[in-house]
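The values are calculated or read from the model by the stated rules, or taken from the named source; none is laboratory data. Here the structure is a predicted model, which is why all the values come from computation and not from measurement. Cβ placement follows ideal geometry from the backbone for every residue including glycine, while neighbour counts extend to all protein chains displayed. In case anyone asks, the SASA skips ligands and DNA or RNA and just uses the protein heavy atoms, side chains included. Shrake-Rupley method; radii C 1.70, N 1.55, O 1.52, S 1.80 Å.
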There are 2 protein chains.
Amino acid sequence: MTNNKLITPRKLSGFMELMPNKQIIFDNMVDKIKKTYLSAGFMPLDTPVLELSEILLAKSGGSIDKEVYHFNKGDTSICMRYDLTVPLARFVAMNAENLSFPFKRFQIGKVYRGERAQKGRFREFMQCDADIVGLEDLPVVADAECLNLVDKVFKSLNLKILNRISNRNILFGLVEGLGYKDKTEEILIILDKFDKIGKDNAIEELKYLGVDDENCQKLIETTSLKGDFDFVLSKIENICDNETFKKGIQELKEVGLYLNAFNVDKNCYNLDLSIIRGQNYYTGTVFEAIIPSHPEFGTVCGGGRYDNLAGYYTDKKMPGVGLSIGLTRLFDLLDQNNMLENVKQTNIDVQIIPLGDTLLNCLSLENFLSQKLVCEVNYDSRSFKAKMREANKRQIPYIIVVGENEVNSGVYQLKNMSNGETFNGNKEEILNFLTKSTL
Amino acid sequence: MTNNKLITPRKLSGFMELMPNKQIIFDNMVDKIKKTYLSAGFMPLDTPVLELSEILLAKSGGSIDKEVYHFNKGDTSICMRYDLTVPLARFVAMNAENLSFPFKRFQIGKVYRGERAQKGRFREFMQCDADIVGLEDLPVVADAECLNLVDKVFKSLNLKILNRISNRNILFGLVEGLGYKDKTEEILIILDKFDKIGKDNAIEELKYLGVDDENCQKLIETTSLKGDFDFVLSKIENICDNETFKKGIQELKEVGLYLNAFNVDKNCYNLDLSIIRGQNYYTGTVFEAIIPSHPEFGTVCGGGRYDNLAGYYTDKKMPGVGLSIGLTRLFDLLDQNNMLENVKQTNIDVQIIPLGDTLLNCLSLENFLSQKLVCEVNYDSRSFKAKMREANKRQIPYIIVVGENEVNSGVYQLKNMSNGETFNGNKEEILNFLTKSTL
């Protein structure tokens, strides 16, 4: 290995790389999410990061969005996945014969988007998705099951959320009732960005589409409604009577009943008609969760109901409902705002420092203590003083110095590095003491 | 969404994609490995899947091996990582100032090699690496720490291994002692493939290099030695006296002592001088673990000591020692040989089936039972008979059918689907019964 020409070590911009003490916390969050999904009866799926371009780009008719990382290998055109939904669609279409429906799967994995790097946006980020996919039909109770899961998963993360729920049939029906059915998509796009552009601009854009004053008012009033299910439903129940609108009302009523039966905390969700969600594949229930103490975080979890998951790959109709948490972004926000729990320098419970020729005894002691503790021997060649300094810097909670005396007597002195207190005992007594103190 | 032209759903060849009931087992193995690494005081690292080509290909001077997936995005040449060692080198070189050494990290992640797909070889596979990296120096006890970790990690997986340990200085020294120092690499390559090509071919190739009869014999005899440390060391201790050889002997003696102190089961490792490991960056201890009941699996874990991890990126000398488990391949072998533990169709403990208009009651019951159990309500629209058939097919262990009577009385009947036995009780009694039966 020649060092003549060193290459400056650096990583690609827009890629998160945590120091190990933060990575532990990230991994713990992943574990909690995973456990919650599993306990709710969702099974894991782990599709490849790479897919055939033809498959991944079916939606756009094969044209490659500039966000998507893609390349050729031999004659094969390959893409990196940019979400976990398209791979799910491909998987259920491929394996429909061998799956039981409703099929409940979760996938926690990284996805890739080569978009312009900016603060809070990552090119590689972890999505934590859970979906319920039906065959032919899927009752509305599945939507409530996902909403219940959103509640559980954020409880497991110890984050208080407000899940804002709506149903796209309400707006579809309202727009239809007002006589603008052919302009539904354009109107929804304007209403979806209401918060960003403000009321006046929204009205202007709606008018430009041909919506008259009175109807502008109606649209904006309706999408401003939020509160508990009964309250909001009582306000809108009779404002429209086409089938689409009535379907929306009916579905929301059902969702409300089911969330009650699941005993979901009423402070953690509401009915909020401003929730639209941009993607036009949503067809019923939609939701976006925020952290009310930090509204500036924006949506930390979103999802909804779609009619036909795998229509590009199969004639089988597969309606579904799902949720997605963008964990990389959420973690970054929590980190920036000092909201991460249990940030420690190290996961070591106790470090053993040999003094003189006692290494073998230290290894035996480590082996004994590591039954229940995270333990290491500091075999570094630096001086004793340097080792103590290092242990302090790393905030190692306990140390044991092992010299000849300790080897001969079998009695060790444990030192609490934060308050200097000591405890003397044989290895069993030390283990007992530490398991009581640290676990 | 138009279904006019369906795209046949398929994945890239050479990519593992497990059905969810197998994925659960894979994930459990990952969890066990992770827990073992963490308990041994290793901290997690998660480097990006993508790296700058200049960084990843430093070793080959920038030339791109055809195995490596690479592409350009704008002006940037990007590669997918093909192992976890080069990213580790980049990371420690970048962050040396902020790390404590010896730096113990593990990384469990997928790596990518676009090689020709063949049975048992995957283009995307999960590596489970653990390394200890020193600054300037790293004592031999670190090698023993890794060997101890290999033992622990396979115990956690309930797999009985034999870890075959050697030290490259033994062979370096022997070859030097026989007068072939300038041909060390060629000779090691031949000896490394001894098992594959057989004795006669090995001798022929050695002779072609200019090794005489007697020395061929010596080389082959020595690399055939295996057994417990004391036995093998006593056989070779005096066959050579150059510094390299003596260093090898000394290091092996130390490793033997440390493994003793760690109380590693002597049936799980030996000293085996046939272990060379192809990669020429190993400079001391090397090891390869096999599963003795299935030698045809080959090496399930390998690793060793290297002198200078990050020499392409920094002038800092960083010796290290590490181990790597190729989990995708190991899992595939275990699966093919029916050696996976706890293969189940589903993770559901109990399924609740509504009969008539009892869905809300079922959801409350689910909510109660899911405190401690994995529970689901079967809200599918199929007939009761079809639901029972499906529950049987999915091997769901328990079901509860909830009709009007159950709602009114609050007493449910739990049915064990494997033996037909029933248990009657209110929801608390059901939960008690099930937690005793299934957990």
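Here is a check on your reading of the model: is A:VAL350 within 24 Å of A:SER166 (Cβ to Cβ) and among the β-branched types (Val, Ile, Thr)? Here the answer is no, as A:VAL350 does not meet what is asked. Those residues that are open to solvent by less than 10 Å² (accessible area, probe 1.4 Å) and either hydrophobic (A, V, I, L, M, F, W, C) or within 14 Å of B:PHE106 (Cα to Cα) (or both), I need them from the stretch B:133-144; list them, please. Within the stretch B:133-144, B:VAL133, B:VAL141, B:ALA142, B:ALA144 qualify. Within the stretch A:149-168, restricting attention to residues that are open to solvent by less than 10 Å² (accessible area, probe 1.4 Å) and in a helix (DSSP H, G or I), which residue is nearest to the other protein chains (Cβ to nearest Cβ)? Checking each candidate, the answer is A:LEU149. Taken together, the residues in the stretch B:356-381 that are surrounded by 15 or more Cβ atoms within 10 Å (Cβ to Cβ) and not in a helix (DSSP H, G or I) amount to 11. Taken as a whole, the structure places B:ILE275 among residues that are β-branched (Val, Ile, Thr), touching a residue at least 12 places away in the same chain (Cβ under 8 Å) and under 28 Å from B:ASN308 (Cα atoms). Among the residues of the stretch A:140-165, those that are among the polar types (S, T, N, Q) and touching a helix residue (DSSP H, G or I) at 6+ places or on another chain (Cβ under 8 Å) comprise A:ASN148, A:SER156, A:ASN163.
No other residue among B:SER77, B:SER13 is touching a residue at least 12 places away in the same chain (Cβ under 8 Å), assigned to a strand (DSSP E or B), over 30 Å from A:GLN279 (Cβ atoms) and more than 8 Å from chain A (Cβ to nearest Cβ) apart from B:SER77.
Screening A:ALA310, A:ALA289 for residues that are touching a Ser or Thr at 6+ places or on another chain (Cβ under 8 Å) and open to solvent by less than 10 Å² (accessible area, probe 1.4 Å) leaves exactly one candidate, A:ALA289. The sole residue among A:LYS427, A:LYS393 that is farther than 22 Å from B:LEU138 by Cβ and open to solvent by 30 Å² or more (accessible area, probe 1.4 Å) is A:LYS427.
In this structure, is A:TYR306 within 13 Å of chain B (Cβ to nearest Cβ) and farther than 24 Å from A:LEU57 by Cα? Taking the combined requirement at face value, the residue does not satisfy it. For the condition part of a helix (DSSP H, G or I), open to solvent by 30 Å² or more (accessible area, probe 1.4 Å) and not charged (D, E, K, R), B:ILE24 qualifies.
Applying the criterion of being closer than 18 Å to A:LEU323 by Cα and in a loop (DSSP other than H, G, I, E, B) to the residues of the stretch A:80-100, the residue that is nearest to the other protein chains (Cβ to nearest Cβ) is A:ARG81.
Each residue in the stretch A:277-294 was checked for being assigned to a strand (DSSP E or B) and polar (S, T, N, Q), and 2 of them qualify. Taken together, the residues in the stretch A:226-242 that are assigned to a strand (DSSP E or B) and either of a type in the set (Gly, Ala, Ser) or within 19 Å of A:TYR258 (Cβ to Cβ) (or both) amount to 1. For the subset of the stretch B:27-69 comprising residues that are open to solvent by less than 10 Å² (accessible area, probe 1.4 Å) and within 30 Å of B:ASN337 (Cα to Cα), which member is nearest to the other protein chains (Cβ to nearest Cβ)? Only one residue fits best here, namely B:TYR37. Within the span defined as the stretch B:241-256, one or more residues are surrounded by fewer than 18 Cβ atoms within 10 Å (Cβ to Cβ), modelled with pLDDT under 95 and out of contact with any strand residue (DSSP E or B) (no Cβ under 7 Å at 6 or more places or on another chain). Note on the stretch A:224-262: among residues that are within 14 Å of chain B (Cβ to nearest Cβ) and hydrophobic (A, V, I, L, M, F, W, C), the one that is nearest to B:ASN361 (Cα to Cα) is A:ALA261. The C-beta contact set for the stretch B:286-302 (first residue within 21 Å of B:PHE172 (Cβ to Cβ), second residue open to solvent by 30 Å² or more (accessible area, probe 1.4 Å) and part of a loop (DSSP other than H, G, I, E, B), distance under 8 angstrom, 6+ apart or interchain) comprises B:VAL286/B:ARG277; B:GLU288/B:ARG277; B:GLU288/B:THR299; B:GLY302/B:ARG277. Taking each residue of the stretch B:118-136 that is touching a residue at least 12 places away in the same chain (Cβ under 8 Å) and over 23 Å from B:GLU97 (Cβ atoms) and looking for partners that are open to solvent by 20 Å² or more (accessible area, probe 1.4 Å) and hydrophobic (A, V, I, L, M, F, W, C) with beta-carbon atoms closer than 6 Å, six or more apart or interchain, yields B:PHE122/B:MET16; B:CYS128/B:ILE108.
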